[in-house]
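Visitor: Below you will find the structure I want to go over with you.
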Amino acid sequence: MPPLLEVSNLTTHIRTRRGVVRAVDGVSFTLEEGETLGLVGESGCGKSMTGLSVMGLLPRGGSIVGDSSVRLGGRELVGLPESDLRRVRGNEIAMVFQDPMSALDPTKTIGHQVAESVLLHRGGTRAEAADRAAEVLGLVGLPHPRERLGDYPHQLSGGLRQRVLIAMALVNEPKVLIADEPTTALDVTIQAQILDLLADLRARLRMAMILITHDMGVTAGHTDRVNVMYAGRIAESAGTGPLFRAMRHPYTQSLLASVPRLDRGPTGQLPTIPGLPPDLTDPPSGCRFAARCQYATDRCRTAEPELTGPATHRYACWHPTDGPRPAEPVDTPMDVEVVLPAQAAAVASAAVAERPVLEARDLVREFPVRGSWLPGRERRVVHALSGVSLTIGHGETLGIVGESGCGKTTLGRLLVGLDRPDSGTVTLDGTDLGRLRGRELRQRRRDLQMMFQDPFSSLDPRMRVGSILREPLQIQGLGTTSEQRERVAELLAEVGLPAHAADLYPHEFSGGQRQRVGLARALALTPKLIVADEPVSALDVSVRAQVLNLMRGLQVSHGLSYVVISHDLAVVRYLADRIGVMYLGRMVEVGSADDIHLRAAHPYTAGLLKAVPVPDPDVERAKHGAGVRGELPSPLAPPSGCRFRTRCPLAQDLCALEEPTPRLFATGHTAACHFPLQTPLPDASPALTGDPA
Amino acid sequence: MSTLDSPLDSPPDSPSDSPATPAPELAAPGRRRFSMPAFLHNRRALVGLVLIAVVAAFCFLGPLLYRTDQVTVRLDLADLPPGAANPLGTDASGYDVLGRLMTGGRSSLELGLAVAVTTTVIGTLYGAVAGYLGGFVDALMMRVIDVFLAVPTIVLLLMMVSMFTPTLWGIILLLSLLSWLGAARLVRGEVLTLRTREFVQAARMMGGTGRRIVLRHLVPNAAGVVIVSGTFTVADSILTLSALSFLGLGLPPPHADWGTMLSAGLNSLYDGYWWQVYPAAGLLIVTVVAFNLVGDAVHDALDVRLDQP
Amino acid sequence: MTAYLVRRIGQAVVVVLGVMVLTFFMIHMVPGSAARATLGTRATAERIAMFNAAYGLDKPLSTQFLTFVEQAARGNFGTSYSMQQPVSTLIAQRLPRDGLLLGLSTLLALAIALPMGIYQAVRRGRIADHVFTVVSFVLYSMPDFFFALVLIAVFSVQFHLLPSEAPQAESVGGILADPQGLVLPVVTLTLVSLAGFSRYMRASALTTLAQDYVQVARSKGLPERLVLRRHVLRNSMLPVITILGLSAPSIVAGAVIAESVFNYPGMGLLFYQAATSKDYPIMLGSTLVVGVATVLGSLFADIAYSLLDPRIRYVDA
């Protein structure tokens, strides 16, 4: 019997102005009934294009070439007339796209959009189609589906929209579901819910699924077999367990090693993959990974390896490795000091003795809702921050985590003075920033710098990198022109960029290099504290590790303090000495990284940690339940009492009535919960400031 | 001749969901940054630039090589068909049409360029200030623009020229006063988005003053849309002047511009004096098309968006 | 949405007031010019004084403005110097004719431009796209009076197919009774707006075609024709509605020219004649009416937009 889906030698070319991009280059795999196959790789590796090619949905200029074959149940799809392909699409093979915000037509109701597919493939009346739509929307977990058929996409949260998209794909019970990064745009708690939903539906509807993702954690937990793709080709193909335990391809090995791990504390320096993937308009003649591979030989650079090995574990490599890379730090071409945990701890404890660098007390920030000035309307505000306090010691890194909408970005902006609190104070080395005005404030700013998330928008596209790095020096009037130039060269060297980078414009750099420039700019004024808001979330895994290593190295050499804001708990775990967990404008728990990860007291912290996928199939398989149920309530009307109670598994009546005060669980470990998971220390309930040690 | 802000817009040609084609290290196309290769790649731009150069040479260098009397009325030479003495014939006043096309073109081009420069300066400053200050000031400044935009330019112009006798500089002044609105709106919109960009926040973080942020970051980054709108303004102004001339309220007689020639010639079109109409019309249209082509191409070149990694 | 509408209407009121101030002060920039213009430059001082007294031109500007606002609110724009009729009557006669001419031509322009823009976007980079692009570029760059005259030269003078003059009937019904005379003015104005609209529609459709939901619609197996009709058309039209509101002044500008060429008895012609004879009350009244019409036009466009776009319609829901 033929496999459900058999793809062989799939080759997709895309004509662009720059030449023909060989986006998918001879990819073969099979998919059996009821199976989930992962397509894993970094952006640009061709994994999405493989999915689109199977669907026959190529972008402009794209075509499937050569002897490519895609067989569904033995029937060849390549070369099928468009009208026949349309009968397959959305009916036998369906697709779930990445961004739920843009994947729904904003001018059509969700009922209409789900029913459209039913009418198209099954016929029947509109009423029947609407019934079916409501049924499937219920199946994917949309509450009160029948009443919500008339809702428009913008009325739903991101998580609910993704459920609607899944409903749209599943409404005709397809045999194959292609899910292209279905959870990348979602919060980690919602991601866990959606992934569980997909797994559950796949089992119930006996579908097969292709899960396209860049996230090794998601891969570990939700696939049966994995194809690792690199530069348009499959590098390695194996069962999920064997792949993670005994990978043979150096790329798979490096990819896994460079991911910061939630379940392992701050190991030394993260191994990185130097360089960038090759240009697919002109791929190298040998192994495509050779240029970045530490094991590469001349043979790799001249001859391209074919997929070899046993049928259950195939890999394309001349010098296969054997299992994961040993945990010891590996020298990388970039010369950055290796920071060991002991060193970091020493720095942190040294900080304890001194006064904190920055102290925030009871920060409140509210944003009025548009149009609430109208007569007869209640004044409504978004409660972005409702009384948050924290301290940061010298040389210390404080991580701030939480779902989007928890107020962590607002907090960052208040800390560096980009925005002013409605009440509360930010004190820098004993000076109240709120009282500074004009010139005094502008001078003081040099102590507080920020590293931004988006490497595309954080550098002025019309200035050369040299001018970008000189600007802070000019503004603060530091040094003569030649001294400033020297300082620029120094800064570039520090962040591992060549000196001639000063003469280039930002667009001539890759995303990771731009983040380096951003970090250099923040360092230019030798600040005491850098607030990094999602410093690596726009970067690919391999580049991410380089930037994280750099941040840690510079911290030690400059005695910097960091506030690292991220939705990615693993990143924060890697960088932070202490971690603050935020929920809906409140700091619910603060503690040392180990306190948070090993001895979480707040149910929200525990749920959040559980929701983070770990790149280890054994750990992931052992998980049950999604971590945190439901979605973040509206910050317009936060729940009374404990704000987390609506999603808390332990909530009782008390939680709605009374706001929990912070309780001390260990030195420097506090959490605000009526029914904590750890036993609090008997005495005092300190203000939730998370004073170090 | 509709005066829409910028009807000429087209997204880049590369498919938005194409696989990111990772560029070689230290070289990748920038986002929202003028790209010279993309501009030159654009054949429209080249055609437009060449046309403008040819027309400018014709109008400014032509009279040096081809001397004619454009001052004395010679009714004895009126309405002559094209011939050896007058390659494009003569008009109703006996002026040589070819020579008149040159001098007339000078007025048209001078007017277009002068208006474009003044409106660009006024519009950029007004828009940048409104966008940077925001809030109530911005709202007020925008309402002022709305008021001027509510009344069609041609109506205000007709009203003014009915009160004052127009001169070339008078009309340049009037047109400038009425055409900066579009530029101001564009710049304001651009500044409003730029203001939230992270590099502007970074400049504030360094202690940069508002003045520095406007001059070093906002204005250079808004320059692209300014150039586009300026180029379209040249085209629009030439057309507006010709419309005024057609309505008999343009520049008074001894003066020539393509619009005046065209409207004067139209009266004799029924007599079969085609040479008094079509050359002027052709030049006018070619010039306006050329400026629109360049504006369009600059607009596209600015809009090179990048498939982000 | 209520909040949005309240704010938007508030803006419109402010702008209408601004238009009143603007037009009033423009006209009164040169004191005594009205009298001189009407009575001739050799009029005696006494006659000028009499004229000024008769039209209230001897009072202080602020008083004149208040009187003007008060009268304008009642629909009274004074009496025409040259035609000796109330301006309001003259305008009331002509406004419906303009409604007909501009309404017809704008609808026609949209009816052609929307499909044309989508077609171009779908066939982007192909020959058909290039041809339409060149056509709209040339149309866009052509002086509209020249355009009108070429039409006359071809269809009236050369082939005697259509009259070169618009119908002169008093009522809209009368004009419609002579549809042949209406063809050339309507065609002129249609082609003038067509270029801009189709370019916008093309750009807008290109943006829409790049959206994920279009790809999602295809992944459902929807035929391309339905993808375009159900998902692309409406989403691409939305920005064009705003443009429609913004282009009201240029539509009126086109009318001034076209009406003068075809002698169509509308507001444009009235204004043009007033400008040549320096009939200030007519200029003042019709500028104000045009200004208010423009403000209303863009207000309606924004309201239509908010009704058609559920993201705005349900923002308070």
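The values are calculated or read from the model by the stated rules, or taken from the named source; none is laboratory data. Quick caveat, the model's predicted, so the values are computed rather than measured. Please note: Cβ atoms are built from the backbone with ideal geometry, for glycine as well, and neighbour counts cover all protein chains shown. Accessible surface is based on the protein model in full, side chains and every heavy atom, while ligands, DNA and RNA are left aside. Shrake-Rupley method; radii C 1.70, N 1.55, O 1.52, S 1.80 Å.
Visitor: Does at least one position in region A:159-167 carry a residue that is more than 25 Å from the chain's Cα centre (by Cα) and modelled with pLDDT of 90 or more? Quick ask: steps written out before the conclusion?
Guide: Initial filter on region A:159-167 (more than 25 Å from the chain's Cα centre (by Cα)): none.
Within region A:159-167, none of the residues are more than 25 Å from the chain's Cα centre (by Cα) and modelled with pLDDT of 90 or more.
Visitor: Next question, about the same structure. Go through (1) in contact with a Pro (Cβ under 6 Å, 6 or more places away or on another chain); (2) crowded, with 21+ Cβ neighbours inside 10 Å for C:MET283 and report which single condition fails.
Guide: Single failed check for C:MET283: (1).
Visitor: Take the conditions touching a residue at least 60 places away in the same chain (Cβ under 8 Å) and more than 25 Å from the chain's Cα centre (by Cα) and apply them to A:THR312. Does it pass?
Guide: Values: touching a residue at least 60 places away in the same chain (Cβ under 8 Å): yes; more than 25 Å from the chain's Cα centre (by Cα): yes.
The answer is yes for A:THR312.
Visitor: Same structure again: Which of the numbered conditions does B:TRP258 fail, given that it passes all the others? Conditions: (1) surrounded by fewer than 24 Cβ atoms within 10 Å (Cβ to Cβ); (2) at pLDDT 75 or above.
Guide: (1)
Visitor: Any chance region C:161-173 includes a residue that's within 30 Å of C:ARG202 (Cβ to Cβ), outside any helix (DSSP H, G or I) and either within 20 Å of the chain's Cα centre (by Cα) or not β-branched (Val, Ile, Thr) (or both)? Let's see the steps before the verdict.
Guide: Restricting attention to region C:161-173, the residues satisfying the condition of being within 30 Å of C:ARG202 (Cβ to Cβ) are none.
Checked region C:161-173: no residue is within 30 Å of C:ARG202 (Cβ to Cβ), outside any helix (DSSP H, G or I) and either within 20 Å of the chain's Cα centre (by Cα) or not β-branched (Val, Ile, Thr) (or both).
Visitor: Inspect region B:132-143 for any residue being touching a Leu at 6+ places or on another chain (Cβ under 6 Å) and more than 19 Å from B:PRO253 (Cβ to Cβ) and give the result as yes or no.
Guide: From region B:132-143, those touching a Leu at 6+ places or on another chain (Cβ under 6 Å) are none; that's our starting set.
Checked region B:132-143: no residue is touching a Leu at 6+ places or on another chain (Cβ under 6 Å) and more than 19 Å from B:PRO253 (Cβ to Cβ).
Visitor: If the requirement is being among the hydroxyl-bearing types (Ser, Thr, Tyr), over 36 Å from the mean Cα position of the chain (by Cα) and not in a loop (DSSP other than H, G, I, E, B), which of these qualifies: A:SER117, A:SER83?
Guide: Numbers: A:SER117 fails: over 36 Å from the mean Cα position of the chain (by Cα).
The unique qualifying residue is A:SER83.
Visitor: Looking at A:LEU469, A:LEU491, A:LEU497, which one is open to solvent by 10 Å² or more (accessible area, probe 1.4 Å), within 20 Å of A:SER557 (Cα to Cα) and touching a helix residue (DSSP H, G or I) at 6+ places or on another chain (Cβ under 6 Å)?
Guide: Numbers: A:LEU469 fails: open to solvent by 10 Å² or more (accessible area, probe 1.4 Å); A:LEU491 fails: open to solvent by 10 Å² or more (accessible area, probe 1.4 Å).
That would be A:LEU497, the only listed residue that is open to solvent by 10 Å² or more (accessible area, probe 1.4 Å), within 20 Å of A:SER557 (Cα to Cα) and touching a helix residue (DSSP H, G or I) at 6+ places or on another chain (Cβ under 6 Å).
Visitor: Among (1) in a loop (DSSP other than H, G, I, E, B); (2) more than 14 Å from every other protein chain (Cβ to nearest Cβ); (3) buried (at least 20 other Cβ atoms within 10 Å of the Cβ); (4) not aliphatic (A, V, I, L, M), there is one condition A:CYS45 misses while meeting the rest; what is its number?
Guide: (2)
Visitor: Here's a follow-up. Do we find a residue being in contact with a helix residue (DSSP H, G or I) (Cβ under 7 Å, 6 or more places away or on another chain), of a type in the set (Ser, Thr, Tyr) and open to solvent by less than 10 Å² (accessible area, probe 1.4 Å) anywhere in region C:177-190? Show your work before the answer.
Guide: Keep residues of region C:177-190 that are in contact with a helix residue (DSSP H, G or I) (Cβ under 7 Å, 6 or more places away or on another chain), which gives C:182, C:184-190.
After this cut, where a residue has to be of a type in the set (Ser, Thr, Tyr) as well, the list is C:188, C:190.
Adding the requirement that they be open to solvent by less than 10 Å² (accessible area, probe 1.4 Å) leaves C:188, C:190.
Among the residues of region C:177-190, at least one is in contact with a helix residue (DSSP H, G or I) (Cβ under 7 Å, 6 or more places away or on another chain), of a type in the set (Ser, Thr, Tyr) and open to solvent by less than 10 Å² (accessible area, probe 1.4 Å), which makes the answer yes.
Visitor: Now a separate question. Restricting to region A:500-519, and then to whatever is in a helix (DSSP H, G or I) and of a type in the set (A, V, I, L, M), can you tell me which residue is most open to solvent (accessible area, probe 1.4 Å)?
Guide: Pass one, region A:500-519, residues in a helix (DSSP H, G or I): A:500-503, A:506-508, A:511-519.
If we keep only those that are of a type in the set (A, V, I, L, M) as well, we get A:501-502, A:517, A:519.
Details: A:ALA501: 0, A:ALA502: 21, A:VAL517: 1, A:LEU519: 1 Å².
Residue satisfying both the conditions and the ranking: A:ALA502.
Okay, residues lined up against (1) in contact with a Leu (Cβ under 7 Å, 6 or more places away or on another chain); (2) without any contact (Cβ under 8 Å) to a residue 40 or more places away in the chain; (3) closer than 20 Å to B:TYR278 by Cβ:
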{"residue": "C:PHE146", "(1), (2), (3)": "yes, yes, yes"}
{"residue": "C:VAL154", "(1), (2), (3)": "no, yes, yes"}
{"residue": "C:VAL157", "(1), (2), (3)": "no, yes, yes"}
{"residue": "C:LEU162", "(1), (2), (3)": "yes, yes, no"}
{"residue": "C:LEU182", "(1), (2), (3)": "no, no, no"}
{"residue": "C:THR188", "(1), (2), (3)": "yes, no, yes"}
{"residue": "C:SER198", "(1), (2), (3)": "no, no, no"}
{"residue": "C:ARG202", "(1), (2), (3)": "no, no, no"}
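Visitor: Here is a follow-up. Which one of these does A:LEU280 not meet: (1) open to solvent by less than 30 Å² (accessible area, probe 1.4 Å); (2) at pLDDT 90 or above; (3) within 14 Å of another protein chain (Cβ to nearest Cβ); (4) out of contact with any helix residue (DSSP H, G or I) (no Cβ under 8 Å at 6 or more places or on another chain)?
Guide: The single condition A:LEU280 does not satisfy is (2).
Visitor: Take A:GLY141 and tell me if it is more than 16 Å from C:SER219 (Cα to Cα), modelled with pLDDT of 90 or more and within 32 Å of the chain's Cα centre (by Cα). Outline the logic, then answer.
Guide: Working: more than 16 Å from C:SER219 (Cα to Cα): yes; modelled with pLDDT of 90 or more: no; within 32 Å of the chain's Cα centre (by Cα): yes.
For A:GLY141, the condition - more than 16 Å from C:SER219 (Cα to Cα), modelled with pLDDT of 90 or more and within 32 Å of the chain's Cα centre (by Cα) - is not met.
Visitor: Give me the helices (runs of 4 or more DSSP H) completely within region C:214-317, filtered to those with at least 1 residues that are more than 14 Å from chain A (Cβ to nearest Cβ), ordered by residue number.
Guide: Working: elements: C:233-246, C:248-262, C:267-276, C:280-308, C:310-313.
Where helices (runs of 4 or more DSSP H) fall fully within region C:214-317 and carry at least 1 residues being more than 14 Å from chain A (Cβ to nearest Cβ), they are C:233-246, C:248-262, C:267-276, C:280-308.
Visitor: Ok, one more. In this structure, does C:VAL192 turn out to be within 14 Å of another protein chain (Cβ to nearest Cβ) and at pLDDT below 85? Before you say what the answer is, go through the steps one by one.
Guide: Working: within 14 Å of another protein chain (Cβ to nearest Cβ): yes; at pLDDT below 85: yes.
Yes; evaluated as a whole, the condition is true for this residue.
Visitor: I've got another one for you. Hey, can you tell me all the residues within region B:145-177 that are within 16 Å of the chain's Cα centre (by Cα) and either crowded, with 23+ Cβ neighbours inside 10 Å or among the aromatic types (Phe, Trp, Tyr) (or both)? Before you say what the answer is, go through the steps one by one.
Guide: To start, the set of residues in region B:145-177 that are within 16 Å of the chain's Cα centre (by Cα) comprises B:153, B:171-177.
Once the filter is applied, which keeps residues that are within 16 Å of the chain's Cα centre (by Cα) and either crowded, with 23+ Cβ neighbours inside 10 Å or among the aromatic types (Phe, Trp, Tyr) (or both), region B:145-177 yields B:THR153, B:ILE171, B:LEU175.
Visitor: Would you mind stating whether A:ARG202 is open to solvent by 20 Å² or more (accessible area, probe 1.4 Å) and over 21 Å from A:CYS293 (Cβ atoms)?
Guide: Values: open to solvent by 20 Å² or more (accessible area, probe 1.4 Å): yes; over 21 Å from A:CYS293 (Cβ atoms): yes.
So A:ARG202 fits the description; yes.
Visitor: From the list A:VAL96, A:VAL20, exactly one residue is within 14 Å of chain B (Cβ to nearest Cβ) and either small (Gly, Ala, Ser) or over 18 Å from A:MET229 (Cα atoms) (or both). Which is it?
Guide: Numbers: A:VAL96 fails: within 14 Å of chain B (Cβ to nearest Cβ).
Checking each option against the conditions leaves just A:VAL20.
Visitor: Further, regarding this structure: Taking into account only those residues within region B:118-144 that are under 22 Å from the mean Cα position of the chain (by Cα) and not β-branched (Val, Ile, Thr), which is farthest from the other protein chains (Cβ to nearest Cβ)? Break it down into steps so the answer makes sense when it comes.
Guide: Looking only at region B:118-144, we keep the residues that are under 22 Å from the mean Cα position of the chain (by Cα), and these are B:118-128.
Then drop every residue that is not not β-branched (Val, Ile, Thr), which leaves B:123, B:125-128.
Numbers: B:GLY123: 16, B:LEU125: 19, B:TYR126: 16, B:GLY127: 16, B:ALA128: 15 Å.
In this case the residue turns out to be B:LEU125.
Visitor: Any idea which of (1) more than 11 Å from every other protein chain (Cβ to nearest Cβ); (2) in contact with a Pro (Cβ under 9 Å, 6 or more places away or on another chain) is the one A:LEU448 doesn't satisfy?
Guide: (1)
Visitor: Looking for whichever is open to solvent by 40 Å² or more (accessible area, probe 1.4 Å), under 19 Å from the mean Cα position of the chain (by Cα), away from chain A (no Cβ under 14 Å) and modelled with pLDDT of 80 or more here; the options are C:LEU110, C:LEU100, C:LEU95, C:LEU17. Which one fits? Spell out the reasoning first.
Guide: Values: C:LEU110 fails: open to solvent by 40 Å² or more (accessible area, probe 1.4 Å); C:LEU100 fails: open to solvent by 40 Å² or more (accessible area, probe 1.4 Å); C:LEU17 fails: under 19 Å from the mean Cα position of the chain (by Cα).
After ruling out the rest, the residue left standing is C:LEU95.
Visitor: Within region A:513-524, identify whether any single residue is over 23 Å from A:ARG413 (Cα atoms) and within 14 Å of chain B (Cβ to nearest Cβ), and answer yes or no.
Guide: Pass one, region A:513-524, residues over 23 Å from A:ARG413 (Cα atoms): A:513.
Narrowing further to those that are within 14 Å of chain B (Cβ to nearest Cβ): A:513.
Within region A:513-524, one or more residues are over 23 Å from A:ARG413 (Cα atoms) and within 14 Å of chain B (Cβ to nearest Cβ).
Visitor: Within region A:520-586, considering only strands (runs of 3 or more DSSP E) that don't extend past its boundaries, which have at least 1 residues that are basic (Lys, Arg) and touching a residue at least 60 places away in the same chain (Cβ under 8 Å)? Walk me through it before giving the result.
Guide: Numbers: elements: A:529-533, A:561-565, A:578-583.
Answer list for region A:520-586: A:578-583.
Visitor: Additional query: Does A:VAL24 satisfy the criteria of being open to solvent by 20 Å² or more (accessible area, probe 1.4 Å), of a type in the set (A, V, I, L, M, F, W, C) and more than 18 Å from A:THR312 (Cβ to Cβ)?
Guide: Numbers: open to solvent by 20 Å² or more (accessible area, probe 1.4 Å): no; of a type in the set (A, V, I, L, M, F, W, C): yes; more than 18 Å from A:THR312 (Cβ to Cβ): yes.
Considered against the rule, which asks whether it is open to solvent by 20 Å² or more (accessible area, probe 1.4 Å), of a type in the set (A, V, I, L, M, F, W, C) and more than 18 Å from A:THR312 (Cβ to Cβ), A:VAL24 comes out as no.
Visitor: Another question about this same structure. Within region B:191-270, considering only helices (runs of 4 or more DSSP H) that don't extend past its boundaries, which have at least 3 residues that are farther than 30 Å from A:ARG521 by Cβ? First the steps, then the outcome.
Guide: Details: elements: B:198-205, B:219-246, B:258-267.
The helices (runs of 4 or more DSSP H) meeting that bar are B:219-246, B:258-267.
Visitor: Since C:LEU189 meets every condition but one in (1) over 30 Å from C:SER82 (Cβ atoms); (2) touching an Asp or Glu at 6+ places or on another chain (Cβ under 9 Å); (3) assigned to a helix (DSSP H, G or I), which condition does it not meet?
Guide: Of everything listed in (1) over 30 Å from C:SER82 (Cβ atoms); (2) touching an Asp or Glu at 6+ places or on another chain (Cβ under 9 Å); (3) assigned to a helix (DSSP H, G or I), C:LEU189 misses just condition (1).
Visitor: Another one. Those residues that are more than 14 Å from chain A (Cβ to nearest Cβ) and either at pLDDT below 80 or closer than 18 Å to B:THR124 by Cα (or both), I need them from region B:219-235; list them, please.
Guide: Residues of region B:219-235 that are more than 14 Å from chain A (Cβ to nearest Cβ), as a first pass: B:228-235.
Residues satisfying the conditions are B:VAL228, B:SER229, B:GLY230, B:THR231, B:PHE232, B:THR233, B:VAL234.
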